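Colleague: Before I ask anything, let me first share the structure, which is written out below as structure tokens.
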Amino acid sequence: MSRPSSPSSRFPMQLAATALLLAFASACSEVPDPAAPVADADTLRELPAGEVIGIAAEYDSHAWLGIPFAEPPVGDLRWKAPRLAPPWNGTLEALETGAPCTQLASSFAGVTDAEPGTPVGQEDCLTLNVYAPRMTPEEVPDGEGRLPVMVWIHGGGNTIGSAGFYNGGNLAARQDVIVVAVQYRLGPFGWFRHASLRGEGTTAAGRSGNYGILDQIRALEWVQANIEGFGGDPDRVTIFGESAGGRDVFMLLLSRPANGLFHRAIAQSGGTGTIAPARAENWNDDLIPGDPNSSNEVLAKLLVADGTAADRDAARAHLATLDDWEIAEYLRGQSNLEILLQYSEDPTEGIEAPQMFADGHVLPRQDALGRFQRGGWNQVPVILGSNRDENKLFRAFDPELADMRFGLIPDIRDPERFDALTEHLSLMWKVSGVDAPAQAMQTKHAGQVWAYRFDWDEELSLPGVRLAEALGASHGFEIPFVFGHFDLGPAAIGLFTPLNRGARKELSARMMSYWAEFAYSGDPGQGRDGTLPRWLPWDDSSPEAHRYVIFDTESDGGVRMGSEPVMVGDVLSSVAEDERLRDARERCYVYRELADWSWGRGFDRESYEALPACRAFPFDLAPWQETAGDAGAEATS
């Protein structure tokens with residue numbers, strides 16, 4: 001099974017798609033009615049950008065779909081900072097979600113009505129969707145009655161996904177908030193650095209190569225200018241996102257150009273990793289090596305693919321004869337398919353592209369944890385969270401670990417070994433996405449950092465169908481609880497059942513209430529009605545101090561506070577002491593996977609190769625065959 005394989009935070013499609021089999025579906029919009037959507041007169045709104053009309057959506061909500069917030073980034077605007085969309089003429093009919101941003105189709109997630117591995121979507125994709133409680137134009141609140149705004153950033157490894165998969169109607173209507181779901185450029189269209197694209201007149205933002213983050217910033221600027229027209233409060237904007245979207249939330253917290261555009265932030269299962277610009281650009285045999293899919297390496301692949309050069313060396317020599325303008329013209333003249341194909345040996349498994357460049361303008365050059373600790377970030381109230389069994393979803397579909405019943409339901413072959421592997425990997429996700437940044441942030445931001453762990457694991461469990469064992473509280477499973485949308489169709493077989501309906505809907509109501517109260521006040525407290533258990537901020541004053549809330553149903557302990565922080569050393573020690581791991585080979589395999597899943601987690605390939613007990617197990621040759629003498633050998637940190 002493919003997986004992120006370097007600090008460049010690659011997130012191949014097979015892995016991302018498996019993760020989003022449920023995560024995307026869990027918040028996906030309602031099944032489209034075969035009839036054309038009909039504009040609803042009660043949705044007519046006057047914005048600075050122009051007049052807009054939307055639809056009456058489910059959950060007693062209104063929705064305005066596919067609103068452009070930037071000029072289409074096509075032609076000469078490919079790989080440039082997004083430009084503000086000019087006001088439109090007449091009334092914009094915002095009745096259908098915009099086209100997804102260019103990506104490769106997946107059989108599991110993202111755009112699924114195309115052949116896996118084929119390009120889908122458009123580069124003209126910078127649109128957003130707005131959800132609000134139903135109200136007539138005369139009832140739209142103003143002044144102190146304006147509603148908080150929650151801006152959702154979708155996941156998908158920053159390579160797949162779309163705002164259209166998420167239905168914000170129930171969250172908006174039930175909690176009296178405005179929900180905005182944004183689209184942003186993905187993969188190499190959203191993250192790409194090359195010297196030829198930094199010509200005269202290019203802004204510092206445009207030179208960064210972080211176009212996906214710049215798209216999100218442009219969307220937040222649009223929200224500031226226009227959200228009052230929907231009854232939203234531009235002074236109470238919360239950004240929230242999951243997985244890669246959670247990582248993007250961390251990046252916006254670090255980004256100077258994003259300062260002042262939002263006032264609270266929620267990072268669900270995110271990470272903090274960035275890479276040096278040299279990794280994004282250099283040839284991989286330079287003194288400072290670039291990523292295997294750096295922009296120069298991709299340029300060489302393009303020249304070989306179109307017959308201009310016979311091989312990589314010839315392509316490199318040819319590039320040396322071109323000036324920057326010629327290279328930029330060549331790059332912008334390539335089709336999106338030609339570009340995407342250079343990032344994967346097997347397009348059905350998606351792409352591996354560098355992203356999150358520490359350029360010094362859009363993203364700081366210093367490491368994230370250091371910035372958080374020193375206070376050099378956009379200091380707003382934050383919620384950080386992860387799911388107890390994050391990694392199970394990725395491993396449950398691994399043919400080395402599980403058989404597939406009926407082609408869909410995973411059956412774990414060795415539950416003890418499976419739990420040993422996924423437990424340590426899930427803990428490391430908690431380290432990087434929650435505990436390490438929370439500990440760093442609270443040094444200069446005490447009392448303004450909240451954390452959670454999502455524990456719901458009440459999937460169907462029958463003889464031969466043990467989903468609770470295989471999936472547990474997996475990656476992405478909290479999304480339907482936050483959005484209050486469980487109508488997933490076939491993707492949710494055995495996940496959300498009549499047997500668990502009552503308890504999960506009660507838990508969902510609590511989570512929506514906490515999220516909304518945070519959007520209202522900057523403190524999740526006791527939820528919107530003040531009746532829930534108090535969610536206390538992260539507290540490092542003592543080992544017993546409360547640090548995070550646990551979300552679960554009453555039968556499994558309910559909503560309650562937890563105290564035990566986890567840091568990198570704790571995870572490494574737990575691997576060394578885990579008796580479920582039978583020998584040095586298995587133990588080193590877990591260490592290797594911890595290093596391979598690097599999203600700013602503080603343990604990388606170099607760390608692995610420094611472990612004396614793992615020298616017999618080279619990083620690049622995993623998985624290793626068992627050899628005589630393995631049994632009984634011990635690998636320690």
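Colleague: Output the residues belonging to segment 118-155 that are within 17 Å of ALA181 (Cα to Cα) and among the hydrophobic types (A, V, I, L, M, F, W, C).
Modeller: Selection gives CYS125, LEU126, LEU128, VAL130, ALA132, LEU147, VAL149, MET150, VAL151, TRP152, ILE153.
Colleague: Please verify whether PHE192 is modelled with pLDDT under 95 and among the aromatic types (Phe, Trp, Tyr), treating the condition exactly as stated.
Modeller: No, not satisfied.
Colleague: Examine segment 39-48 for a residue that is of a type in the set (S, T, N, Q) and free of Cβ contacts under 8 Å to residues at least 24 places away in the same chain, and state whether such a residue exists. Break it down stepwise before answering.
Modeller: We begin by selecting, within segment 39-48, every residue of a type in the set (S, T, N, Q); these are 43.
Remaining after also requiring free of Cβ contacts under 8 Å to residues at least 24 places away in the same chain: 43.
There is at least one residue in segment 39-48 that is of a type in the set (S, T, N, Q) and free of Cβ contacts under 8 Å to residues at least 24 places away in the same chain.
Colleague: So in segment 572-620, with the set limited to residues that are under 20 Å from THR274 (Cβ atoms) and not in a helix (DSSP H, G or I), which one is modelled with the lowest pLDDT?
Modeller: Within segment 572-620, the match that is modelled with the lowest pLDDT is GLY600.
Colleague: Now, a different point. Within 27 Å of PRO292 (Cα to Cα), touching a residue at least 12 places away in the same chain (Cβ under 8 Å) and within 15 Å of the chain's Cα centre (by Cα): is that true of ARG247 in this structure?
Modeller: Yes.
Colleague: Go through segment 291-308 and count every residue that is closer than 20 Å to MET356 by Cα and not charged (D, E, K, R). Let's see the steps before the verdict.
Modeller: Of all residues in segment 291-308, those closer than 20 Å to MET356 by Cα come to 291-299.
Those still in the list that are not charged (D, E, K, R) too: 292-296, 298-299.
The number of residues fulfilling the criteria is 7.
Colleague: Further, regarding this structure: Looking at (1) surrounded by fewer than 24 Cβ atoms within 10 Å (Cβ to Cβ); (2) in contact with a Lys or Arg (Cβ under 8 Å, 6 or more places away or on another chain); (3) within 27 Å of LEU302 (Cβ to Cβ), can you tell me which one ALA173 breaks?
Modeller: Here ALA173 meets the rest and fails (3).
Colleague: Can I ask one more? Tally the residues that are surrounded by fewer than 20 Cβ atoms within 10 Å (Cβ to Cβ) and either of a type in the set (Gly, Ala, Ser) or under 20 Å from the mean Cα position of the chain (by Cα) (or both), restricting the search to segment 92-106. Give the derivation first.
Modeller: Just the residues of segment 92-106 that are surrounded by fewer than 20 Cβ atoms within 10 Å (Cβ to Cβ), to begin with: 93, 95-96, 99.
Within this subset, residues satisfying the condition of being either of a type in the set (Gly, Ala, Ser) or under 20 Å from the mean Cα position of the chain (by Cα) (or both) are 99.
Count: 1.
Colleague: Here's another thing I want to ask about it. Out of segment 579-598, which residues are over 25 Å from the mean Cα position of the chain (by Cα) and either within 23 Å of GLY433 (Cα to Cα) or basic (Lys, Arg) (or both)?
Modeller: ARG580, ARG582, ARG585, ARG587, TYR589
Colleague: Then there is this: Return yes or no: is TYR548 among the hydroxyl-bearing types (Ser, Thr, Tyr) and either touching a Pro at 6+ places or on another chain (Cβ under 6 Å) or over 22 Å from ILE383 (Cβ atoms) (or both)? Step through it out loud before you land on a result.
Modeller: Working: among the hydroxyl-bearing types (Ser, Thr, Tyr): yes; either touching a Pro at 6+ places or on another chain (Cβ under 6 Å) or over 22 Å from ILE383 (Cβ atoms) (or both): no.
No.
Colleague: Considering (1) part of a strand (DSSP E or B); (2) at pLDDT below 95, say which one PRO86 fails and leave the rest.
Modeller: Only one criterion in (1) part of a strand (DSSP E or B); (2) at pLDDT below 95 is unmet by PRO86, namely (1).
Colleague: Evaluate the following for ARG371: is it within 24 Å of ASP215 (Cα to Cα) and surrounded by fewer than 17 Cβ atoms within 10 Å (Cβ to Cβ)?
Modeller: Criteria not met by ARG371.
Colleague: For segment 409-436, name all the residues that are aliphatic (A, V, I, L, M) and either farther than 13 Å from LEU471 by Cα or assigned to a helix (DSSP H, G or I) (or both).
Modeller: Correct list: ALA420, LEU421, LEU425, LEU427, MET428, VAL431, VAL434, ALA436.
Colleague: To continue, here is another question. Are any of the residues in segment 296-310 part of a helix (DSSP H, G or I), free of Cβ contacts under 8 Å to residues at least 24 places away in the same chain and over 17 Å from HIS194 (Cα atoms)?
Modeller: Yes; the residues of segment 296-310 include at least one that is part of a helix (DSSP H, G or I), free of Cβ contacts under 8 Å to residues at least 24 places away in the same chain and over 17 Å from HIS194 (Cα atoms).
Colleague: Need the failing condition index for TYR330 against (1) modelled with pLDDT of 95 or more; (2) within 24 Å of the chain's Cα centre (by Cα), just the number.
Modeller: Of everything listed in (1) modelled with pLDDT of 95 or more; (2) within 24 Å of the chain's Cα centre (by Cα), TYR330 misses just condition (2).
Colleague: I've got another one for you. Only one residue in PHE454, PHE397 is under 30 Å from ALA545 (Cα atoms) and in contact with a strand residue (DSSP E or B) (Cβ under 7 Å, 6 or more places away or on another chain), so which one is that? Talk me through it step by step, then tell me what you get.
Modeller: Numbers: PHE397 fails: under 30 Å from ALA545 (Cα atoms).
Being under 30 Å from ALA545 (Cα atoms) and in contact with a strand residue (DSSP E or B) (Cβ under 7 Å, 6 or more places away or on another chain) holds for just one of PHE454, PHE397, which is PHE454.
Colleague: Do we have any residue at all in segment 524-537 that's within 28 Å of THR443 (Cα to Cα) and not in a loop (DSSP other than H, G, I, E, B)?
Modeller: no
Colleague: Only one of GLY201, GLY187, GLY229 is surrounded by fewer than 24 Cβ atoms within 10 Å (Cβ to Cβ) and on the phi > 0 side of the Ramachandran plot. Can you tell me which? Walk me through how you get there before you give the answer.
Modeller: Details: GLY187 fails: surrounded by fewer than 24 Cβ atoms within 10 Å (Cβ to Cβ); GLY229 fails: on the phi > 0 side of the Ramachandran plot.
Result: GLY201 is the single residue among GLY201, GLY187, GLY229 that is surrounded by fewer than 24 Cβ atoms within 10 Å (Cβ to Cβ) and on the phi > 0 side of the Ramachandran plot.
Colleague: Scanning segment 441-460 for residues that are in contact with a helix residue (DSSP H, G or I) (Cβ under 7 Å, 6 or more places away or on another chain) and assigned to a loop (DSSP other than H, G, I, E, B), which turns out surrounded by the fewest Cβ atoms within 10 Å (Cβ to Cβ)?
Modeller: It comes out as LEU460.
Colleague: Of all residues in segment 538-571, how many are in contact with an Asp or Glu (Cβ under 7 Å, 6 or more places away or on another chain) and either assigned to a helix (DSSP H, G or I) or of a type in the set (D, E, K, R) (or both)?
Modeller: 3
Colleague: Identify the single condition in (1) more than 21 Å from ALA205 (Cβ to Cβ); (2) without any contact (Cβ under 8 Å) to a residue 12 or more places away in the chain; (3) not small (Gly, Ala, Ser) that GLN366 does not satisfy, given that it satisfies every other one.
Modeller: (1)
Colleague: Is it the case that some residue within segment 27-49 is modelled with pLDDT under 55, under 28 Å from TYR343 (Cβ atoms) and within 20 Å of the chain's Cα centre (by Cα)?
Modeller: yes
Colleague: Right, another one. Out of all the residues in segment 520-554, which are in contact (Cβ under 8 Å) with a residue 60 or more places away in the chain, closer than 26 Å to LEU499 by Cα and out of contact with any Phe, Trp or Tyr (no Cβ under 7 Å at 6 or more places or on another chain)?
Modeller: Correct list: ILE550 only.
Colleague: With the checklist (1) in contact with a strand residue (DSSP E or B) (Cβ under 6 Å, 6 or more places away or on another chain); (2) surrounded by 14 or more Cβ atoms within 10 Å (Cβ to Cβ); (3) charged (D, E, K, R) in hand, flag the one item LYS301 doesn't pass.
Modeller: (1)
Colleague: To continue, here is another question. If you go through segment 260-286, how many residues are β-branched (Val, Ile, Thr) and in a loop (DSSP other than H, G, I, E, B)?
Modeller: 2
Colleague: Given the options PRO234, PRO289, PRO257, name the one that is out of contact with any Pro (no Cβ under 8 Å at 6 or more places or on another chain), assigned to a helix (DSSP H, G or I) and either surrounded by fewer than 21 Cβ atoms within 10 Å (Cβ to Cβ) or modelled with pLDDT of 95 or more (or both).
Modeller: Testing whether each residue is out of contact with any Pro (no Cβ under 8 Å at 6 or more places or on another chain), assigned to a helix (DSSP H, G or I) and either surrounded by fewer than 21 Cβ atoms within 10 Å (Cβ to Cβ) or modelled with pLDDT of 95 or more (or both) leaves just PRO257.
Colleague: Can you spot a residue in segment 397-405 that is touching a Phe, Trp or Tyr at 6+ places or on another chain (Cβ under 6 Å), on the phi < 0 side of the Ramachandran plot and not charged (D, E, K, R)?
Modeller: The first filter runs over segment 397-405 and keeps only residues touching a Phe, Trp or Tyr at 6+ places or on another chain (Cβ under 6 Å), leaving 401.
Within this subset, residues satisfying the condition of being on the phi < 0 side of the Ramachandran plot are 401.
Those still in the list that are not charged (D, E, K, R) too: 401.
Yes, segment 397-405 has at least one match.
Colleague: On to the next question. Can you confirm whether segment 509-521 contains a residue that is in the same structural domain as ALA438 (by TED's automatic domain parsing) and in a loop (DSSP other than H, G, I, E, B)?
Modeller: No - not one qualifying residue is present in segment 509-521.
Colleague: Do we find that LEU499 is crowded, with 18+ Cβ neighbours inside 10 Å, over 13 Å from ARG174 (Cβ atoms) and modelled with pLDDT under 95 in this structure? Break it down into steps so the answer makes sense when it comes.
Modeller: On the way: crowded, with 18+ Cβ neighbours inside 10 Å: no; over 13 Å from ARG174 (Cβ atoms): yes; modelled with pLDDT under 95: yes.
It is false that LEU499 is crowded, with 18+ Cβ neighbours inside 10 Å, over 13 Å from ARG174 (Cβ atoms) and modelled with pLDDT under 95.
Colleague: Now for a different question. Filter segment 68-88 for residues that are buried (at least 23 other Cβ atoms within 10 Å of the Cβ) and within 30 Å of ARG174 (Cβ to Cβ) and give the result.
Modeller: PHE69
The values are calculated or read from the model by the stated rules, or taken from the named source; none is laboratory data. Here the structure is a predicted model, which means the values were calculated and not measured. Heads up, the Cβs are rebuilt from the backbone with ideal geometry, glycines too, and the neighbour counts pull from every protein chain shown.
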